[in-house]
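Here is the structure we will look at.
The values are calculated or read from the model by the stated rules, or taken from the named source; none is laboratory data. Since we're looking at a predicted model, the values are computed, not measured. Glycine also receives a Cβ, built like all others from the backbone with ideal geometry; neighbour counts cover every protein chain displayed.
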Amino acid sequence: MKMKWNKLVLAIMTFLYLLIPIASAQAQSPSIDQQIDNAIAPLSNFIASIVFYSVNVTDDLKVPIVVIWLIICAIFCTLYFTLIQVRGFSHAIELVRGKYSDPNDPGQISHFQALTTALSGTVGLGNIAGVAVAVSLGGAGATFWMITAGLLGMATKFCECTLGVRYRQIDENGRVSGGPMYYLSKGLAEKGLGGIGKVLAVIFAVLCIGGALGAGNMFQANQSFHQVLNVTGGQDSALYGFAWGYGLIMAVLVAAVIIGGIKSIAQTTAKIVPLMAVIYIGAALLIILLNYDKVGWAFSQIINGAFSPEGVTGGVVGVLIMGFQRAAFSNEAGFGSAAIAHSAVQTKEPATEGIVALLEPFIDTVVICTMTALVIIITGQLGPDSAADTWDKGVVLTSNAFASAFTWFPYVLALAVVLFAFSTMISWSYYGLKAWTYLVGEGPKRELAFKLFFCLAIIIGSAMNLKAVLLFSDAMVFAMAFVNIIGLYILAPVVKREVSGYLARVKSGEIKPKR
């Protein structure tokens, strides 16, 4: 109990420190939206200026330090674990298929359910709008570096998800809690850094709650509603002014899933994620097949643009950074969020879930993001006037690319965005809940309180235009990477022992397929 109070006090102190800039803010507009925006703008700008602090790479190119931090970690994990994304790929597929699964192992969900739950939290607007932003600003060559970043990020996901299972906590009822909060506190304590580990764990939990409520909730509800509104007539739509109603419907649907816990979430995402993949990738493949004669040309544009860009800010470095940045923002490798979902898996071997997790960046970035980029390039949407510097413009660019082949595709895209948003919200509700219970303790009433507040935020996010709130929550999500990666570096030897021992036992036949 004393430990929980210490965590709560530290969390409150963290929040108070973050809220200092708000004290001087004064609302200038009578509208509720604007008052909230004005009140939180100093805070969001302050946090964003730190998290997204940029350095000059060239005279005309600035790169956020958080992107560099993520890239260096991905390269480190790739080298330190000797290309685990290549060595473990086929075994990852065997694990997802349930070949080594044992229903008697501790945990709550299968490897496949853990993968789809984590995927539902990453596959979303980043794959639709983010890719369009990357290729419109960085040219076709940005696709090459997105793929590269996705491949490197596989090793980062492997590392953090192995740690998630290694240091997870299972209560007397078999319920699992895991993620960076636990491997930072428990793992660093094993290294004699218990005090630092507890502080980092609490900071991560605070950031995760903020990110879950904002980027994983309000942003998703807001953007999905606007996409539905756009395809139904904009201001002339019958839905105009009905944002709160849309939010209420989404809140009810989310509540119906998340109140059932991780098993309910996993069962839902196991159905939604494959459906999203069929709808989106199926449409992309159809367009690519209809334009098969341009596929070779498209890949030549990607390769040539990656190494000899013309007219792109920052030259080769600019294209590289643009690709890496959008890939990192899309697959969340290094953020630590996926480790929370993967910790609930049924297994006795932590390395198995790390190996399964390396499939996430591959599916999210290497497959889905590449499909989006190919469609945009093949349909001729890139040009001197195609630069998209906002997510809204990015969605329009992707929509136009698909609509060039199918005039009805904007409706399909709207459906995909709604499914992406819904699946992201239910996954992030679990991430936020586990961060919340880490701070205040487990308990039905405490958990229900968070879930109800999370659902209320969906209605608020749908109906309000809170740019400062979204900027703040976005910054909190990326700040998670700074804290999480510190733990990855310190605990990397633990992961190496886990995977080396596990693969050796598989090779020797000590661990045999169950089916």
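Below are the figures for this structure:
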| quantity | calculated |
| --- | --- |
| Selection within the stretch 347-396 - of a type in the set (Lys, Arg) and modelled with pLDDT of 85 or more | Lys348 |
| Members of the stretch 318-358 that are over 26 Å from Ile68 (Cβ atoms) and among the polar types (S, T, N, Q) | Ser343, Gln346, Thr347, Thr352 |
| Considering residues of the stretch 273-287 that are surrounded by 19 or more Cβ atoms within 10 Å (Cβ to Cβ) and within 19 Å of the chain's Cα centre (by Cα) only, the residue farthest from Leu119 (Cα to Cα) | Tyr280 |
| Whichever residue in the stretch 471-515 is at pLDDT below 80 and touching a Ser or Thr at 6+ places or on another chain (Cβ under 8 Å) and, among such residues, is surrounded by the fewest Cβ atoms within 10 Å (Cβ to Cβ) | Arg515 |
| Residue that is surrounded by the fewest Cβ atoms within 10 Å (Cβ to Cβ) [pool: residues in the stretch 398-435 that are more than 22 Å from the chain's Cα centre (by Cα) and among the hydrophobic types (A, V, I, L, M, F, W, C)] | Trp408 |
| Any chance Thr122 is in contact (Cβ under 8 Å) with a residue 24 or more places away in the chain and closer than 30 Å to Ala189 by Cβ | yes |
| Unmet criterion (only one of (1) in contact with a Ser or Thr (Cβ under 8 Å, 6 or more places away or on another chain); (2) buried (at least 24 other Cβ atoms within 10 Å of the Cβ); (3) outside any loop (DSSP other than H, G, I, E, B)) for Thr370 | (2) |
| Test for Ala504: is it among the hydrophobic types (A, V, I, L, M, F, W, C), assigned to a helix (DSSP H, G or I) and within 19 Å of Ser185 (Cβ to Cβ) | no |
| Any chance Phe454 is surrounded by fewer than 23 Cβ atoms within 10 Å (Cβ to Cβ) and at pLDDT 90 or above | no |
| Where a residue in the stretch 246-258 is assigned to a helix (DSSP H, G or I) and its partner, wherever it lies, is surrounded by fewer than 24 Cβ atoms within 10 Å (Cβ to Cβ) and among the small types (Gly, Ala, Ser), with Cβ under 6 Å and at least six apart | Gly247/Ala463; Val257/Ser264 |
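Per-residue answers, yes or no, for (1) at pLDDT 85 or above; (2) of a type in the set (A, V, I, L, M, F, W, C); (3) in contact with a Phe, Trp or Tyr (Cβ under 9 Å, 6 or more places away or on another chain):
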| site | (1), (2), (3) |
| --- | --- |
| Ala255 | yes, yes, yes |
| Leu286 | yes, yes, yes |
| Leu290 | yes, yes, no |
| Ala306 | no, yes, yes |
